[in-house]
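Report on the structure given below.
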Amino acid sequence: MSKLCVIGTGYVGLVTGTCFADLGNQVTCMDIDENRISLLNQGVMPIYEPGLEQLVVQNVKAGRLFFTTDYAAALKDVDFAFIAVGTPSGDEGEADLQYVRQAAEAIADLVNKPVVVVNKSTVPVGTGDWVADIIRKRRNGRPLEFSVASNPEFLREGSAINDFMMPDRVVLGSEDRKAAEAVAELYAALRCQILITDLRTAEMIKYASNAFLATKISFINEIANICEELGADVRQVAAGMGLDKRIGPAFLDAGLGWGGSCFPKDVKALAHMAVLHGSQPQLLQAVMDINRMQRRRLVMKLRKALGNLDEKTIGILGISFKPNTDDLRDAPAIEVIHLLQLEGAKIQAYDPQGMENAAKILKNVKLCQNPYQVAEGADALVLATEWNEFKQLDFARIRDLMARPIIMDGRNLWDPQHLRELGFHYTGVGRP
Ligand code: UDX
Ligand code: UDX
């Protein structure tokens, strides 16, 4: 059993801290956001993540998990200090590390025994060394035995607990192998593959993994766009490709493309690192361009189906960037809504979990309580996020509610033939 502090109680920090507590460690999760911490201390989750609430409540009750805004209390006597603060994109696409700096300085000021500082947040290659420098300088000669390790997260929102407890691999990087092995001990109970590298290699594994997954999605989206011209069905194409073990079926779902708080930020940051160091990330640039075009292609298809978008009512089903999360960060639906509004369309939208966040960031959008309200009087209906509850809608009722039977299936969730038999004008992505 070790004593840990996790700085940054967001989608990653909160899941990481709770799961480490569930493995028997004593964990204090710290955040500067007082509201977030006070909610957690009342057993109320600040984010939607399936299974999290029960895990938090049970570990708080067991006396293993604590929440505070007080850096000193959080860092007292810890063996490990995890940094999981936000690393949002800056104006040039670079990762904004101001919060990582603040966490590193607090660690330097407040730790009182040998500690392993672990970067959990996605940080540019070389940040581990940078954090070590900050701590050394901040100690200003006061002795402290510490090492820095990189332990990138591979958690998907909506399945984050499962991804933590049953990882394909744990990646650890450090210039001090003993420190990496100490962190590896924390994961021993998971009995999974643990890869230990140097700091920069671990940081690059994270970026390269996310960039590859984004590339795979942009690849199938480019194939989908070609399928539309050639009359092939991209879902079948993906199925045929995925049977090849070298390709695999995952991340070959064509649609509106990738959003969220990671892929967009991480692909941009990797491309930025490349340019800063004199290499041209042509492929990464194309991956981002294709992804950006997917949102615009859907708007083009709507404009074609409706003649023009001015004064048209468009229903949007799903706003979160993917199912099973309330996270709207860089959600394709948000950009589609903005593009439609620019052409004078009137938007009505619904999301099973994202309505609270939607109310904060969407303007002039009618926020509905269910899919049928979204269909009411709509000239077209767009599926932007493939929530399970949208799978089996009462389409006869939907058709009767809509002003025109036009459906844009942005995630190829529905069966084209079934909808066409009901009288809908159905358009998918990469489907004949
Ligand atoms: C974060 C990083 O953004 C991402 O790069 C990395 O892959 C995983 O960790 P996420 O957990 O989604 O992702 O970030 P977010 O949900 O924005 O949470 C960040 C938390 O850090 C917020 O609760 C914020 O209040 C907190 N924070 C921010 C601090 O505690 N201290 C700070 O100085 C700044
Ligand atoms: C991702 C990585 O999967 C995870 O390993 C990393 O730690 C954080 O970033 P996340 O962003 O939570 O996780 O969700 P993910 O399931 O990867 O989906 C990312 C985006 O890609 C979503 O917008 C999703 O809709 C889209 N996507 C995913 C596709 O468009 N097609 C696919 O086949 C898969």
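Any read-out appearing in this document is the output of simple, stated calculations on the displayed coordinates, not a laboratory observation. These figures come from a predicted structure and were not determined experimentally. A quick note on method: Cβ atoms are made from the backbone with ideal geometry, for glycine too, and the neighbour counts reach across all protein chains shown.
Structure data summary
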| item | result |
| --- | --- |
| Per-residue [θ]222 nm for the chain (sum of -39500 (n - 2.57) over DSSP H runs n ≥ 4, rounded to 500) | -13500 deg cm²/dmol |
| Potential lengthening between R156 and D400 on full extension [0.36 nm per residue; Cα-Cα distance subtracted] | 84.1 nm |
| Rounded, prolate or oblate (a/c below 1.5 giving rounded, otherwise prolate when a/b exceeds b/c) for segment 384-432 by Cα gyration tensor | oblate |
| ³J(HN,Hα), Karplus 6.51/-1.76/1.60, whole Hz, each residue of segment 159-165, x for Gly, Pro | 9, 5, 5, 4, 5, 6, 6 |
| Length gained when the stretch Y372-M165 is fully extended (0.36 nm per residue, less Cα-Cα span) | 70.7 nm |
| Among I316, N364, I135 - extreme Cα towards positive end, dipole of the chain, charges at beta-carbon | I316 |
| 20 Å binning of all Cα-Cα separations within the chain, expressed as whole percents from 0 upward | 25, 51, 22, 2 |
| Only Lys, Arg (+1) and Asp, Glu (-1) charged, at Cβ; the chain dipole about Cα centre in debye | 220 debye |
| Peptide ranges 53-62, 94-103, 135-144, 186-195 listed from the most packed, as the mean C-beta count within 10 angstrom indicates | 94-103, 53-62, 186-195, 135-144 |
| Euclidean distance between Cα centres, segment 41-71 to segment 203-263, Å | 35 Å |
| Whole-number D in µm²/s for segment 213-427 (Stokes-Einstein; Kirkwood sum over Cα pairs; 37 °C, 0.692 mPa s) | 183 µm²/s |
| Euclidean distance between Cα centres, segment 264-329 to segment 383-432, Å | 22 Å |
| Listed residue pairs exceeding 18 Å between alpha carbons, taken from K268/K322; K304/K363; K216/K268; K3/K120; K301/K363; K113/K178 | K268/K322; K304/K363; K301/K363 |
| Within the chain, percent of DSSP bridges classed antiparallel, to nearest 5 | 5 percent |
| Reach of K346 by Cα under 12 Å, taken over aspartates and glutamates that are not fewer than 8 positions away in the same chain | D310, E311, D379 |
| Amide N proximity, segment 94-137 versus K178 label position 7 Å along Cα-to-Cβ, cut-off under 13 Å | 114-116 |
